[in-house]
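Reviewing the structure listed below.
The values are calculated or read from the model by the stated rules, or taken from the named source; none is laboratory data. Only a predicted model underlies this, so the values are computations on that prediction, with no experimental measurement involved. Note that we place each Cβ from the backbone using ideal geometry, even for glycine, and neighbour counts take in every protein chain shown. With ligands, DNA and RNA removed, areas are computed over all heavy atoms of the protein, side chains included. Shrake-Rupley method; radii C 1.70, N 1.55, O 1.52, S 1.80 Å.
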Amino acid sequence: MKSETRKKLKMGYINADMTLKEVQKDYTQESVSDNPRPLGPYYAYNDRYLEIRGGMFENFRGILAWISLLIFMIPVSSAYNSIYCFILLYNHKTDKIAGYTTAFTFFTFIFLVSIYLCIRYFRYIYRFELFTIRHIRVRFNRVTRQVYIQRPKYCGGTVVFKWEHIMPSNFGESGSDMGGTNMVNLMTFHPYKTGFPVAHSVGIGKNTYNGQDYKDEWEFIRRYMEHGPDNLPKPHLSTHLPMPFHGLEGHIKPMIHAAKNAPTFWMYILLIPVFLILLPFYTVGYFISECLCWQPRWPKVIRQAGKKGKPIPKETTLSDYPPKVQQAILESRLEWGVRDEKTGKWVDYGNS
(Lines give C-alpha, C1' and ligand atoms only; values in the text may rest on other atoms or scores of the structure.)
Protein backbone atom coordinates (compact mmCIF):
# COMPACT_ATOMS: atom_id res chain seq x y z
CA MET A 1 0.00 0.00 0.00
CA LYS A 2 1.38 3.39 -0.98
CA SER A 3 2.05 5.95 1.75
CA GLU A 4 -0.41 8.47 0.28
CA THR A 5 -3.11 5.79 0.28
CA ARG A 6 -2.41 5.09 3.94
CA LYS A 7 -2.82 8.79 4.71
CA LYS A 8 -6.13 9.00 2.85
CA LEU A 9 -7.46 5.96 4.70
CA LYS A 10 -5.93 7.20 7.97
CA MET A 11 -4.07 3.91 8.37
CA GLY A 12 -0.75 3.49 10.09
CA TYR A 13 1.67 0.57 9.99
CA ILE A 14 0.78 -2.70 11.66
CA ASN A 15 3.17 -3.65 14.44
CA ALA A 16 4.06 -7.12 13.17
CA ASP A 17 7.67 -7.12 14.34
CA MET A 18 9.20 -10.41 15.47
CA THR A 19 12.20 -11.26 17.61
CA LEU A 20 15.59 -12.10 16.19
CA LYS A 21 15.37 -15.60 17.67
CA GLU A 22 12.11 -16.27 15.84
CA VAL A 23 13.27 -15.23 12.39
CA GLN A 24 16.72 -16.85 12.60
CA LYS A 25 15.44 -20.31 13.51
CA ASP A 26 15.32 -23.06 10.87
CA TYR A 27 11.86 -24.54 11.41
CA THR A 28 12.40 -27.32 8.87
CA GLN A 29 14.71 -29.23 11.24
CA GLU A 30 12.52 -29.42 14.35
CA SER A 31 9.97 -32.20 14.83
CA VAL A 32 6.70 -30.96 16.35
CA SER A 33 4.58 -34.13 16.25
CA ASP A 34 4.90 -37.90 16.55
CA ASN A 35 1.82 -38.40 14.38
CA PRO A 36 2.36 -36.91 10.89
CA ARG A 37 -0.97 -36.88 9.06
CA PRO A 38 -1.98 -35.68 5.57
CA LEU A 39 -5.27 -33.89 6.23
CA GLY A 40 -5.32 -32.29 2.79
CA PRO A 41 -6.87 -31.82 0.39
CA TYR A 42 -3.88 -32.91 -1.70
CA TYR A 43 -3.79 -32.70 -5.49
CA ALA A 44 -0.46 -34.44 -6.17
CA TYR A 45 1.96 -36.65 -4.27
CA ASN A 46 5.06 -38.37 -5.64
CA ASP A 47 8.83 -38.68 -5.10
CA ARG A 48 9.42 -35.20 -6.54
CA TYR A 49 6.71 -32.99 -5.04
CA LEU A 50 3.47 -32.82 -3.13
CA GLU A 51 0.71 -30.34 -3.79
CA ILE A 52 -1.88 -29.12 -1.30
CA ARG A 53 -4.74 -26.65 -1.46
CA GLY A 54 -3.89 -23.15 -0.35
CA GLY A 55 -5.91 -20.05 0.37
CA MET A 56 -8.02 -18.73 3.20
CA PHE A 57 -11.73 -18.78 4.07
CA GLU A 58 -12.60 -21.72 1.81
CA ASN A 59 -15.18 -22.69 4.43
CA PHE A 60 -17.10 -19.47 3.67
CA ARG A 61 -16.97 -19.93 -0.08
CA GLY A 62 -20.40 -19.81 -1.73
CA ILE A 63 -21.84 -16.85 0.15
CA LEU A 64 -20.26 -14.26 -2.16
CA ALA A 65 -21.23 -16.37 -5.15
CA TRP A 66 -24.95 -16.02 -4.32
CA ILE A 67 -24.62 -12.31 -3.52
CA SER A 68 -22.75 -11.72 -6.78
CA LEU A 69 -25.30 -13.63 -8.86
CA LEU A 70 -28.11 -11.56 -7.35
CA ILE A 71 -26.27 -8.33 -8.18
CA PHE A 72 -25.51 -9.59 -11.69
CA MET A 73 -29.28 -9.96 -12.19
CA ILE A 74 -29.53 -6.15 -12.42
CA PRO A 75 -27.54 -5.76 -15.67
CA VAL A 76 -28.87 -9.07 -17.05
CA SER A 77 -32.55 -8.21 -16.49
CA SER A 78 -31.97 -4.65 -17.73
CA ALA A 79 -30.32 -5.93 -20.91
CA TYR A 80 -33.18 -8.38 -21.49
CA ASN A 81 -35.86 -5.70 -21.08
CA SER A 82 -33.91 -3.26 -23.26
CA ILE A 83 -33.54 -5.82 -26.07
CA TYR A 84 -37.21 -6.79 -25.75
CA CYS A 85 -38.35 -3.17 -26.12
CA PHE A 86 -35.98 -2.62 -29.05
CA ILE A 87 -37.29 -5.69 -30.93
CA LEU A 88 -40.91 -4.56 -30.48
CA LEU A 89 -40.08 -1.07 -31.76
CA TYR A 90 -37.89 -2.30 -34.62
CA ASN A 91 -40.51 -4.76 -35.88
CA HIS A 92 -43.38 -2.25 -35.38
CA LYS A 93 -45.25 -4.67 -33.12
CA THR A 94 -46.59 -2.05 -30.73
CA ASP A 95 -48.59 1.16 -30.93
CA LYS A 96 -47.15 2.46 -27.64
CA ILE A 97 -44.05 3.89 -29.27
CA ALA A 98 -43.45 6.63 -26.71
CA GLY A 99 -43.82 4.25 -23.74
CA TYR A 100 -41.55 1.58 -25.15
CA THR A 101 -38.99 4.16 -26.27
CA THR A 102 -38.89 5.52 -22.73
CA ALA A 103 -38.60 1.99 -21.33
CA PHE A 104 -35.83 1.16 -23.81
CA THR A 105 -33.90 4.28 -22.83
CA PHE A 106 -34.38 3.62 -19.11
CA PHE A 107 -33.31 -0.05 -19.19
CA THR A 108 -30.35 0.72 -21.44
CA PHE A 109 -29.20 3.37 -18.99
CA ILE A 110 -29.59 0.98 -16.03
CA PHE A 111 -27.66 -1.70 -17.92
CA LEU A 112 -24.76 0.58 -18.82
CA VAL A 113 -24.46 2.02 -15.31
CA SER A 114 -24.76 -1.35 -13.52
CA ILE A 115 -22.34 -3.16 -15.84
CA TYR A 116 -19.82 -0.34 -15.40
CA LEU A 117 -20.11 -0.50 -11.61
CA CYS A 118 -19.70 -4.29 -11.66
CA ILE A 119 -16.60 -4.16 -13.85
CA ARG A 120 -15.03 -1.07 -12.33
CA TYR A 121 -15.68 -1.63 -8.62
CA PHE A 122 -17.56 -4.81 -7.73
CA ARG A 123 -14.99 -7.00 -9.49
CA TYR A 124 -12.71 -6.53 -6.48
CA ILE A 125 -15.34 -8.41 -4.46
CA TYR A 126 -16.72 -11.10 -6.76
CA ARG A 127 -13.29 -12.23 -8.00
CA PHE A 128 -12.66 -13.69 -4.55
CA GLU A 129 -14.99 -16.51 -5.61
CA LEU A 130 -15.92 -16.03 -9.28
CA PHE A 131 -14.03 -15.77 -12.58
CA THR A 132 -10.61 -16.41 -11.03
CA ILE A 133 -8.38 -19.31 -9.97
CA ARG A 134 -10.56 -22.13 -8.67
CA HIS A 135 -8.23 -23.10 -5.84
CA ILE A 136 -4.85 -21.69 -4.93
CA ARG A 137 -2.31 -24.51 -4.87
CA VAL A 138 0.95 -24.77 -2.96
CA ARG A 139 3.61 -27.15 -4.27
CA PHE A 140 6.49 -28.45 -2.12
CA ASN A 141 9.32 -29.72 -4.33
CA ARG A 142 11.75 -31.86 -2.34
CA VAL A 143 14.27 -32.12 -5.19
CA THR A 144 14.76 -28.38 -5.71
CA ARG A 145 13.92 -27.72 -2.03
CA GLN A 146 11.57 -24.94 -3.00
CA VAL A 147 7.96 -23.93 -2.27
CA TYR A 148 5.77 -22.65 -5.09
CA ILE A 149 2.63 -20.66 -4.26
CA GLN A 150 0.07 -20.24 -7.01
CA ARG A 151 -1.87 -16.97 -6.93
CA PRO A 152 -3.85 -14.81 -9.37
CA LYS A 153 -1.86 -12.00 -10.98
CA TYR A 154 -3.83 -9.39 -9.03
CA CYS A 155 -2.60 -11.07 -5.82
CA GLY A 156 1.05 -11.00 -6.83
CA GLY A 157 1.09 -14.02 -9.15
CA THR A 158 2.98 -17.27 -8.61
CA VAL A 159 5.90 -16.93 -6.18
CA VAL A 160 8.92 -19.13 -5.47
CA PHE A 161 10.72 -19.41 -2.12
CA LYS A 162 13.34 -21.62 -0.50
CA TRP A 163 12.05 -24.43 1.67
CA GLU A 164 14.46 -23.46 4.47
CA HIS A 165 12.80 -20.03 4.71
CA ILE A 166 9.35 -21.31 5.66
CA MET A 167 7.96 -20.48 9.11
CA PRO A 168 4.83 -22.16 10.58
CA SER A 169 2.66 -19.39 12.00
CA ASN A 170 0.05 -21.27 14.04
CA PHE A 171 2.36 -22.72 16.65
CA GLY A 172 5.90 -22.84 17.97
CA GLU A 173 8.33 -19.94 18.12
CA SER A 174 6.45 -17.82 15.58
CA GLY A 175 2.89 -18.79 16.44
CA SER A 176 0.41 -18.78 19.29
CA ASP A 177 -1.04 -22.32 19.29
CA MET A 178 -4.24 -21.27 17.59
CA GLY A 179 -6.39 -24.13 18.80
CA GLY A 180 -10.15 -23.91 18.41
CA THR A 181 -10.10 -21.03 15.93
CA ASN A 182 -11.30 -22.86 12.77
CA MET A 183 -8.30 -21.63 10.80
CA VAL A 184 -6.16 -23.22 8.11
CA ASN A 185 -2.48 -23.95 8.67
CA LEU A 186 -0.61 -20.68 8.12
CA MET A 187 2.89 -20.53 6.66
CA THR A 188 5.00 -17.37 6.41
CA PHE A 189 8.12 -16.39 4.49
CA HIS A 190 9.55 -13.50 6.50
CA PRO A 191 11.62 -10.79 4.75
CA TYR A 192 14.51 -11.41 7.18
CA LYS A 193 14.97 -14.81 5.49
CA THR A 194 13.84 -14.14 1.92
CA GLY A 195 15.23 -10.64 1.37
CA PHE A 196 11.85 -9.64 -0.05
CA PRO A 197 10.73 -6.33 1.54
CA VAL A 198 7.49 -7.75 2.96
CA ALA A 199 6.36 -11.15 4.20
CA HIS A 200 4.50 -13.65 2.07
CA SER A 201 1.96 -15.79 3.90
CA VAL A 202 -0.31 -18.57 2.73
CA GLY A 203 -2.86 -20.82 4.38
CA ILE A 204 -2.79 -24.51 3.45
CA GLY A 205 -5.18 -27.40 3.94
CA LYS A 206 -8.49 -27.50 5.75
CA ASN A 207 -9.92 -25.38 8.53
CA THR A 208 -9.77 -27.08 11.89
CA TYR A 209 -10.79 -26.52 15.50
CA ASN A 210 -8.07 -28.85 16.74
CA GLY A 211 -4.71 -27.17 17.31
CA GLN A 212 -2.89 -30.51 17.05
CA ASP A 213 -4.01 -30.84 13.41
CA TYR A 214 -1.74 -27.93 12.48
CA LYS A 215 1.29 -29.67 13.94
CA ASP A 216 0.44 -33.09 12.49
CA GLU A 217 0.07 -31.81 8.95
CA TRP A 218 3.13 -29.58 9.16
CA GLU A 219 5.12 -32.55 10.45
CA PHE A 220 3.89 -34.63 7.52
CA ILE A 221 5.08 -32.00 5.03
CA ARG A 222 8.34 -31.43 6.92
CA ARG A 223 9.24 -35.12 6.96
CA TYR A 224 8.33 -35.48 3.30
CA MET A 225 10.64 -32.61 2.35
CA GLU A 226 13.49 -33.72 4.62
CA HIS A 227 13.32 -37.52 4.34
CA GLY A 228 11.04 -38.37 1.42
CA PRO A 229 7.70 -40.18 1.19
CA ASP A 230 8.94 -43.44 2.74
CA ASN A 231 7.38 -44.32 6.10
CA LEU A 232 4.67 -41.68 5.63
CA PRO A 233 0.95 -42.33 5.07
CA LYS A 234 -0.04 -41.74 1.46
CA PRO A 235 -2.65 -38.95 1.19
CA HIS A 236 -5.91 -39.35 -0.66
CA LEU A 237 -5.76 -37.21 -3.81
CA SER A 238 -8.61 -34.82 -4.59
CA THR A 239 -9.80 -33.93 -8.06
CA HIS A 240 -9.29 -30.51 -9.66
CA LEU A 241 -12.80 -30.68 -11.09
CA PRO A 242 -15.76 -28.95 -9.38
CA MET A 243 -17.83 -31.37 -7.33
CA PRO A 244 -21.16 -30.77 -5.55
CA PHE A 245 -19.89 -32.21 -2.25
CA HIS A 246 -16.67 -30.15 -2.01
CA GLY A 247 -18.24 -27.41 0.09
CA LEU A 248 -20.21 -29.73 2.37
CA GLU A 249 -17.52 -30.46 4.96
CA GLY A 250 -16.35 -26.85 5.29
CA HIS A 251 -19.89 -25.67 6.03
CA ILE A 252 -21.08 -28.54 8.20
CA LYS A 253 -18.10 -28.64 10.60
CA PRO A 254 -18.80 -25.21 12.18
CA MET A 255 -22.40 -26.29 12.77
CA ILE A 256 -21.35 -29.53 14.44
CA HIS A 257 -18.80 -27.62 16.53
CA ALA A 258 -21.50 -25.17 17.64
CA ALA A 259 -23.77 -28.05 18.64
CA LYS A 260 -21.00 -29.76 20.65
CA ASN A 261 -20.06 -26.58 22.50
CA ALA A 262 -23.64 -25.65 23.38
CA PRO A 263 -25.54 -28.95 23.65
CA THR A 264 -28.85 -27.44 24.70
CA PHE A 265 -32.35 -28.09 23.45
CA TRP A 266 -32.67 -24.61 21.97
CA MET A 267 -29.35 -24.90 20.16
CA TYR A 268 -30.52 -28.08 18.45
CA ILE A 269 -33.81 -26.40 17.57
CA LEU A 270 -31.92 -23.48 15.98
CA LEU A 271 -29.64 -25.82 14.05
CA ILE A 272 -32.56 -27.62 12.36
CA PRO A 273 -33.33 -24.79 9.89
CA VAL A 274 -29.60 -24.23 9.45
CA PHE A 275 -29.10 -27.81 8.31
CA LEU A 276 -32.25 -27.89 6.20
CA ILE A 277 -31.94 -24.47 4.54
CA LEU A 278 -28.55 -22.82 4.94
CA LEU A 279 -26.38 -25.91 4.46
CA PRO A 280 -27.80 -26.72 0.98
CA PHE A 281 -27.70 -23.00 0.19
CA TYR A 282 -23.99 -22.72 1.06
CA THR A 283 -23.08 -26.01 -0.63
CA VAL A 284 -24.78 -25.13 -3.92
CA GLY A 285 -23.14 -21.69 -3.82
CA TYR A 286 -19.75 -23.35 -3.34
CA PHE A 287 -20.37 -25.59 -6.36
CA ILE A 288 -21.47 -22.62 -8.49
CA SER A 289 -18.31 -20.80 -7.44
CA GLU A 290 -16.13 -23.74 -8.51
CA CYS A 291 -17.92 -24.02 -11.86
CA LEU A 292 -17.41 -20.31 -12.63
CA CYS A 293 -13.67 -20.45 -11.92
CA TRP A 294 -10.84 -22.13 -13.81
CA GLN A 295 -7.92 -24.33 -12.87
CA PRO A 296 -4.70 -22.85 -14.28
CA ARG A 297 -1.47 -24.67 -15.09
CA TRP A 298 1.81 -24.07 -13.37
CA PRO A 299 4.49 -22.35 -15.48
CA LYS A 300 6.56 -24.85 -17.47
CA VAL A 301 9.69 -24.26 -15.39
CA ILE A 302 7.78 -25.25 -12.23
CA ARG A 303 6.14 -28.27 -13.87
CA GLN A 304 9.58 -29.57 -14.86
CA ALA A 305 11.39 -28.50 -11.69
CA GLY A 306 13.31 -31.37 -10.12
CA LYS A 307 13.60 -33.41 -13.31
CA LYS A 308 17.09 -34.35 -14.44
CA GLY A 309 18.68 -31.64 -16.56
CA LYS A 310 15.86 -29.14 -16.04
CA PRO A 311 16.48 -25.64 -14.65
CA ILE A 312 15.65 -24.66 -11.07
CA PRO A 313 12.96 -21.94 -10.88
CA LYS A 314 14.21 -18.50 -9.93
CA GLU A 315 13.23 -17.30 -6.47
CA THR A 316 10.85 -14.36 -6.29
CA THR A 317 12.46 -10.94 -5.93
CA LEU A 318 11.25 -7.36 -5.90
CA SER A 319 12.35 -6.89 -9.52
CA ASP A 320 9.70 -9.39 -10.67
CA TYR A 321 7.01 -6.74 -10.16
CA PRO A 322 6.11 -3.56 -12.09
CA PRO A 323 7.76 -0.31 -10.89
CA LYS A 324 4.60 1.06 -9.25
CA VAL A 325 4.05 -2.18 -7.35
CA GLN A 326 7.70 -2.25 -6.30
CA GLN A 327 7.36 1.23 -4.82
CA ALA A 328 4.20 0.28 -2.91
CA ILE A 329 5.92 -2.85 -1.56
CA LEU A 330 8.93 -0.83 -0.41
CA GLU A 331 6.64 1.62 1.38
CA SER A 332 5.06 -1.28 3.30
CA ARG A 333 8.34 -2.79 4.50
CA LEU A 334 8.16 -0.87 7.81
CA GLU A 335 5.58 -3.40 9.01
CA TRP A 336 8.16 -6.18 9.13
CA GLY A 337 10.71 -5.05 11.66
CA VAL A 338 12.82 -7.47 13.70
CA ARG A 339 13.73 -6.73 17.32
CA ASP A 340 16.72 -8.14 19.16
CA GLU A 341 15.20 -9.64 22.32
CA LYS A 342 18.48 -9.20 24.21
CA THR A 343 19.04 -5.50 23.52
CA GLY A 344 15.48 -4.47 22.69
CA LYS A 345 16.73 -2.65 19.59
CA TRP A 346 15.63 -2.97 15.97
CA VAL A 347 17.82 -5.17 13.79
CA ASP A 348 18.96 -3.60 10.52
CA TYR A 349 18.83 -6.46 8.01
CA GLY A 350 18.62 -4.31 4.89
CA ASN A 351 14.87 -3.88 5.08
CA SER A 352 14.64 -0.36 6.51
* Structure fact -> With a 27 Å threshold on alpha-carbon distance, the violating pairs from Lys25/Lys215; Lys153/Lys193; Lys215/Lys342; Lys7/Lys314; Lys215/Lys308 are Lys215/Lys342; Lys7/Lys314; Lys215/Lys308
* Structure fact -> SASA check, Thr158, accessible area w/ 1.4 Å probe, all protein chains in place, rounded to nearest 10 Å², comes out at 50
* Give me the net charge of Leu69's neighbourhood, meaning all other residues with Cβ under 15 Å from the Cβ of Leu69; Lys, Arg count +1, Asp, Glu -1. => +1
* In region 1-47, which chymotrypsin sites (Phe, Trp or Tyr not before Pro) fall in coil by DSSP and have 16 or fewer other Cβ atoms within 10 Å? -> Tyr13
* Asked: Just in region 80-182: which GluC sites (Glu not before Pro) are loop by DSSP and have at most 12 other Cβ atoms within 10 Å?
  -> none
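Probe radius 1.4 Å, ligands and nucleic acids left out: which of Thr316, Thr239 has the largest accessible area, and how do the rest follow?
So the residues, ranked largest to smallest area, are Thr239, Thr316.
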* To do: Determine the gain in length on full extension of the stretch Tyr80-Cys155; use 0.36 nm per residue of separation and subtract their C-alpha separation, reporting nm with one decimal.
  => 23.6 nm
* For the Cα atoms of the chain, what angle does the longest principal axis make with the long axis of helix 97-117, in degrees from 0 to 90, nearest 10? -> 10
* Net +/- balance of residues flanking Trp218 in space, Cβ distance below 11 Å, scoring K and R +1, D and E -1 -> -1
* Asked: For the pair Tyr321 and Trp294, what calculated FRET efficiency results from E = 1/(1 + (r/R0)^6), where r is the Cβ-Cβ distance and R0 = 30 Å, to the nearest 0.05?
  -> 0.80
* **Candidate residues Leu318, Leu241, Leu70: accessible-area rank, largest first, probe 1.4 Å** => Leu70, Leu241, Leu318
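Express the carbon and sulfur contribution to the solvent-accessible surface of the chain as a percent, rounded to the nearest whole number, probe 1.4 angstrom.
For the chain, the apolar C and S fraction of the accessible surface comes to 63 percent.
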* To do: Compute the distance in nm between two label points, each set 7 Å from the Cα along the Cα-to-Cβ direction, one at Leu89 and one at Asp26.
  => 7.4
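Is the chain rounded, prolate or oblate when judged by the Cα gyration tensor, a ≥ b ≥ c being the square roots of its eigenvalues, rounded requiring a/c under 1.5 and prolate requiring a/b larger than b/c?
prolate
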* **Area accessible to solvent at Ile63, 1.4 Å probe radius, in Å²** => 60
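Of the listed peptides 299-309, 48-58, what is their order by residue-averaged count of other C-beta atoms within 10 Å, with the highest listed first?
Those peptides, ordered most packed to least, come out 48-58, 299-309.
Using the heavy atoms of the protein chains alone and a 1.4 angstrom probe, what is the accessible area of region 52-122 per residue in square angstrom?
Here the residues of region 52-122 average 66 Å² of exposed surface.
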* Structure fact -> If the chain between Lys253 and Lys234 were fully extended at 0.36 nm per residue, the gain over the current Cα-Cα distance would be 4.4 nm
